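Undergrad: Below you'll find the structure I mean.
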Amino acid sequence: MQYLDLADPAFSTRSMAVREARDAHWCARTPYGLAVLRYREVGLLLRDRRLRQGSHAWPVTHGLTGPFAQFWRRSVIGQEGSAHRHLRDLAVPVLNEDFITGMIPAFDAIAADLCAGMAKQDSCEFQSAFAIPFAGQAICTLLGLPCDDWHRISHDASDLGLAMGVECRRHEPVFDAACIRLTDLARDLVARARRGEDRHSYVAGLVARADAAPEIDETALLDMIVISIFGGVDTTRSQLGLGLALFIEHPAQWRALRADPSLIPNAVEEIIRARPTTTWVTREAVEDFEFGGETIPRGTVLHLLVHASARDPAICEDSGFDITVRRKKHFGFGGGAHHCIGHLMARTDIACALAALACTFETLDYNGIPEWLPDSGNTSPVSLPIRYGISVAGSP
């Protein structure tokens, strides 16, 4: 069993060290517990009832004590058992396929408008020109707000995302303030729904279910809205930037996507396999048990490295980026009881964004050196300067 320093800001879940550790054993030692590296073991442990969601301990592990830490422990991520089921039952039925499908025209329009703005020149910083405003406007659509409100929501969601990086301690005042602002926004949205001014949004659906469920108190309702904003904005903006970088580095795949739009759903999955914004999901042992020849004491934290597992040679002979290949499902949205409640929303809005980008831009390239968050924890481009060629008549 090898050692991987997950606490090092320079550590990458895509590194040779991780691949060598995966070859040596199904897990590796880390400062935070064990890293699980292979596909089979990750899949089994995601569903193992002897484990609980481990991210509940993230604030304690990093010495966070403010409003975000309290919110995180109360949220659907921090809860288990019946409390967790009640929270999932609040949100999952609202985010059903019919509801998400109904938002596709709005997502398409947002993406097309942003692409039209980018097409007025031949270069931009992609995160600020497209990924961030698209994610912000998509979440406004979900919340039933005007798209013009995206600036403040996106800014606060991005600030909240700083809580999930390995350097989170130094950013605590920033994401604590964002958590307070997003909770205030959630309170306003709930009041609007109860006044009958919003009858059709995700918030309206949550309010209707919460008001009929005595086990859901007001704080739980507000927390669900905040975690949904955070997950919706942070995942989409980050995954779009990571995905575009992959296409820049693999131009043949961009040409394939433009030539065959039916590849878009598989492209979304391949992007998440190759460059997931959430590089690991975490579980914690609630009892002593044996697994894979190892003794796992109660309290052990296991970090399930979704990138390493998706590129495990046991299930992935070719570890390259290829949107035409159908592979076994990845664990980028987790699994088991804590499978991401917003996975359909993320898959859908990212697909709409890719469709508009592929229709608009014939070629893509870097226009400078990208800047990245650490390639562990939750990662994302900080700055992604690109240049591009515009499609004739806006079509492939």
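The values are calculated or read from the model by the stated rules, or taken from the named source; none is laboratory data. The structure displayed is predicted, hence computed values, not measured ones. All Cβ positions, glycine included, derive from the backbone under ideal geometry; neighbour counts span all protein chains shown.
Undergrad: Six or more apart or on different chains, Cβ under 7 Å: which pairs go from a residue in the range 346-363 that's over 16 Å from T141 (Cα atoms) to one that's assigned to a helix (DSSP H, G or I) and at pLDDT below 95? Could you list them?
TA: If the second residue must be assigned to a helix (DSSP H, G or I) and at pLDDT below 95, the pairs left are C359/G394; T360/G394.
Undergrad: Right, something else. State which residue is nearest to A285 (Cα to Cα) when the search covers only the range 43-76 and only residues that are in contact with a strand residue (DSSP E or B) (Cβ under 6 Å, 6 or more places away or on another chain) and modelled with pLDDT under 90.
TA: Ranking the qualifying residues of the range 43-76, first place goes to G54.
Undergrad: Consider D375 against the criteria (1) modelled with pLDDT of 95 or more; (2) in contact with a Lys or Arg (Cβ under 8 Å, 6 or more places away or on another chain): it satisfies all of them except one. Which criterion is unmet?
TA: Among (1) modelled with pLDDT of 95 or more; (2) in contact with a Lys or Arg (Cβ under 8 Å, 6 or more places away or on another chain), D375 violates only (1).
Undergrad: Could you count how many residues in the range 193-208 are surrounded by 18 or more Cβ atoms within 10 Å (Cβ to Cβ) and not polar (S, T, N, Q)?
TA: Within the range 193-208, residues that are surrounded by 18 or more Cβ atoms within 10 Å (Cβ to Cβ) and not polar (S, T, N, Q) number 8.
Undergrad: Could we say that V226 is more than 20 Å from G136 (Cβ to Cβ), modelled with pLDDT of 95 or more and part of a helix (DSSP H, G or I) here?
TA: Here the answer is no, as V226 does not meet what is asked.
Undergrad: Could you check R38 against (1) under 28 Å from D223 (Cβ atoms); (2) basic (K, R); (3) buried (at least 21 other Cβ atoms within 10 Å of the Cβ) and say which number it fails?
TA: So R38 meets the others, but not (1).
Undergrad: Right, here's the next one. Identify all residues within the range 297-337 that are at positive phi, assigned to a loop (DSSP other than H, G, I, E, B) and in contact with an Asp or Glu (Cβ under 9 Å, 6 or more places away or on another chain); write none if there are none.
TA: G299
Undergrad: Going through the range 238-282 one residue at a time, which ones are touching a residue at least 12 places away in the same chain (Cβ under 8 Å), under 24 Å from E317 (Cβ atoms) and not in a helix (DSSP H, G or I)?
TA: H250, R275, P276, T279, W280
Undergrad: Check off (1) surrounded by fewer than 18 Cβ atoms within 10 Å (Cβ to Cβ); (2) more than 21 Å from the chain's Cα centre (by Cα) for L189 and give me the number that stays unchecked.
TA: L189 satisfies all of (1) surrounded by fewer than 18 Cβ atoms within 10 Å (Cβ to Cβ); (2) more than 21 Å from the chain's Cα centre (by Cα) except (1).
Undergrad: Using beta carbons and a limit of 6 Å, which pairs, at least six apart or on different chains, have the first residue in the range 1-18 and at pLDDT below 90 and the second one outside any loop (DSSP other than H, G, I, E, B) and hydroxyl-bearing (S, T, Y)?
TA: Close Cβ pairs (under 6 Å, with a partner that is outside any loop (DSSP other than H, G, I, E, B) and hydroxyl-bearing (S, T, Y)) amount to L6/T30.
Undergrad: Go through the range 3-28 and give me each residue that's buried (at least 16 other Cβ atoms within 10 Å of the Cβ), out of contact with any Lys or Arg (no Cβ under 7 Å at 6 or more places or on another chain), in a helix (DSSP H, G or I) and charged (D, E, K, R).
TA: Hit for the range 3-28 is R19, nothing else.
Undergrad: Of the residues I369, I350, which is more than 30 Å from A83 (Cα to Cα) and surrounded by fewer than 17 Cβ atoms within 10 Å (Cβ to Cβ)?
TA: Exactly one of I369, I350 is more than 30 Å from A83 (Cα to Cα) and surrounded by fewer than 17 Cβ atoms within 10 Å (Cβ to Cβ), namely I369.
Undergrad: What tally of residues in the range 20-34 results from selecting those that are of a type in the set (A, V, I, L, M, F, W, C) and closer than 19 Å to V60 by Cβ?
TA: 1
Undergrad: Within the range 265-293, work out how many residues are over 19 Å from L305 (Cβ atoms), acidic (D, E) and either touching a Lys or Arg at 6+ places or on another chain (Cβ under 7 Å) or modelled with pLDDT under 95 (or both).
TA: Counting residues in the range 265-293 that are over 19 Å from L305 (Cβ atoms), acidic (D, E) and either touching a Lys or Arg at 6+ places or on another chain (Cβ under 7 Å) or modelled with pLDDT under 95 (or both) gives 2.
Undergrad: While we're here: Looking at (1) farther than 20 Å from W72 by Cα; (2) not aliphatic (A, V, I, L, M); (3) not in a loop (DSSP other than H, G, I, E, B), which one does H200 not meet, given that it meets all the others?
TA: It is condition (3) that H200 fails.
Undergrad: Then there is this: From the set of residues in the range 251-302 that are small (G, A, S) and more than 22 Å from the chain's Cα centre (by Cα), which is farthest from S376 (Cα to Cα)?
TA: Filtering first and then ranking leaves A259.
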